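The values are calculated or read from the model by the stated rules, or taken from the named source; none is laboratory data. Because the structure is predicted, anything quoted here is derived from the model rather than measured. Positions of Cβ are generated from backbone atoms using ideal geometry, with glycine treated the same way; all protein chains shown enter the neighbour counts.
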Amino acid sequence: FDHRIYNFAPGPATLPEEVLQRASKDILNWQELGTGVMEVSHRGKPFMACYQEAITDLRELMQIPENYEILFLQGGGIGENAAIPMNLMGLAKKGPQADFVVTGTWSQKSIAEAAKYGNARLAASSKEQQFNTIPENANWDISSDSAYLHICDNETVGGLEYGYVPNTNGIPLVADISSNILSKVIDVSKYGVLFGGIQKNIGPAGMTIVIVRKDLIGHAMSITPTVWDWKIQAANDSMINTPPTFAIYLAGQVFKWLKQQGGVAAIEAVNRKKAELLYSILDQSSLYDARVDVTYRSKMNVTFYLKDESLMDKFLKGAEDQGMIGLKGHKSVGGIRASIYNAMPLAGVEKLANYLLEFERKA
Ligand code: PMP
């Protein structure tokens, strides 16, 4: 084993090699403690310092204003689909209610989960367009009686990304950024809540980041589990229970790596270049079919189909033979998906680009 392959999996996903090298040492012996990072108390000095550094670095990278709390929780995006309504729906004046814009698999799951806790209103949907676009913001049916409006900023399955901050008629905007957190500059002050699991653009599975405006904390329903009550977690450095220490450590290492790359704006420029390279090939092709509305194409998950679907296995096998894996589309939609998160180097995308051209030539 002398080289790593290019892994285009949607998450868990490829991580920066330098970070993994460093982690492999720290797993055995962290900070010369004679014991590994996974084996020390979350309340001890070394780990608390590591946690604080991760919080500080994330705040710096995303320029998170001081009136926002950063929580490191568990339960993933699916968990937050329940935690968010439980923490926020109580803010609605006439009983628990929130609005949702459904643009694919993940926002569909969010509205379904929220319906367990209150009135989950459909403000807009692109289901009739096979989730290949985002409904025009001006046409959303937003209720001023709703506690918040939920969007999925990047639909990982469909390969659809907003690229702008929608208008919500003044109610707080909640955005699922599981698959594009830290991939581009985000104006945090425009959102009430930003949340996502870290297993795509940051680290291993097991940790969920919730960035929440402080005035939105403290309204949880009485049924809210303690581990998901933002007020309790905020008052306890997200350690009311044992936190996912290794995930926090590794996320912290990735934050440092990202700072070394020049930060979010610098990686955004690379991400744009990577995505444009693939889309430009898809657009000129008579074999590949990229169906997402050009305006809303994701820079993280590039999805497309083979016009001749019988070539699918050959395509995937050929890619694997050249050291590229994880390209099979989600089972619910089929096709091909190249997930090109921050840690996927430009060289990996160039290799895939060449393969796309070569495969079409030979097809
Ligand atoms: N939201 C988005 C946008 C996702 O991509 C995913 C995972 N693929 C989820 C939510 C669910 O996250 P988890 O599996 O961490 O609960």
In this structure, is G206 within 12 Å of the ligand (Cβ to nearest atom), at positive phi, in contact with a Pro (Cβ under 6 Å, 6 or more places away or on another chain) and in contact (Cβ under 8 Å) with a residue 40 or more places away in the chain? yes
Unmet requirement for Q233, which otherwise passes all of (1) outside any loop (DSSP other than H, G, I, E, B); (2) within 16 Å of the ligand (Cβ to nearest atom); (3) of a type outside the set (A, V, I, L, M, F, W, C): (2)
Condition test on A269, is it part of a helix (DSSP H, G or I), exposed (fewer than 15 other Cβ atoms within 10 Å of the Cβ) and outside the structural domain of T105 (by TED's automatic domain parsing)? yes
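Residues are listed down the side, and each one gets a yes or a no for (1) in a helix (DSSP H, G or I); (2) in contact with a helix residue (DSSP H, G or I) (Cβ under 6 Å, 6 or more places away or on another chain); (3) surrounded by 24 or more Cβ atoms within 10 Å (Cβ to Cβ):
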{"position": "E128", "(1), (2), (3)": "yes, no, no"}
{"position": "N132", "(1), (2), (3)": "no, no, no"}
{"position": "P135", "(1), (2), (3)": "no, no, no"}
{"position": "A138", "(1), (2), (3)": "yes, no, no"}
{"position": "D141", "(1), (2), (3)": "no, no, no"}
{"position": "S146", "(1), (2), (3)": "no, no, yes"}
{"position": "Y164", "(1), (2), (3)": "no, no, no"}
{"position": "A175", "(1), (2), (3)": "no, no, yes"}
{"position": "K184", "(1), (2), (3)": "no, yes, no"}
Members of the stretch 282-317 found to be surrounded by fewer than 20 Cβ atoms within 10 Å (Cβ to Cβ) and among the β-branched types (V, I, T), listed by number: V294, T295
G334 fails exactly one of the following numbered conditions: (1) surrounded by 14 or more Cβ atoms within 10 Å (Cβ to Cβ); (2) at negative phi. What is the number of that condition? (2)
Checked pairs for the stretch 214-231, first free of Cβ contacts under 8 Å to residues at least 60 places away in the same chain and surrounded by fewer than 20 Cβ atoms within 10 Å (Cβ to Cβ), second among the β-branched types (V, I, T) and not in a loop (DSSP other than H, G, I, E, B), C-beta under 8 Å and 6 or more apart or across chains, list as T226/I232
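This table checks each residue for (1) in contact with a Leu (Cβ under 8 Å, 6 or more places away or on another chain); (2) within 12 Å of the ligand (Cβ to nearest atom).
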{"site": "S179", "(1), (2)": "no, yes"}
{"site": "I186", "(1), (2)": "yes, no"}
{"site": "G192", "(1), (2)": "yes, no"}
{"site": "N201", "(1), (2)": "yes, yes"}
{"site": "S222", "(1), (2)": "no, no"}
When S107 is evaluated against the numbered criteria (1) under 12 Å from C152 (Cα atoms); (2) of a type in the set (S, T, N, Q); (3) more than 16 Å from the ligand (Cβ to nearest atom), which criterion, by number, is the only one it fails? (3)
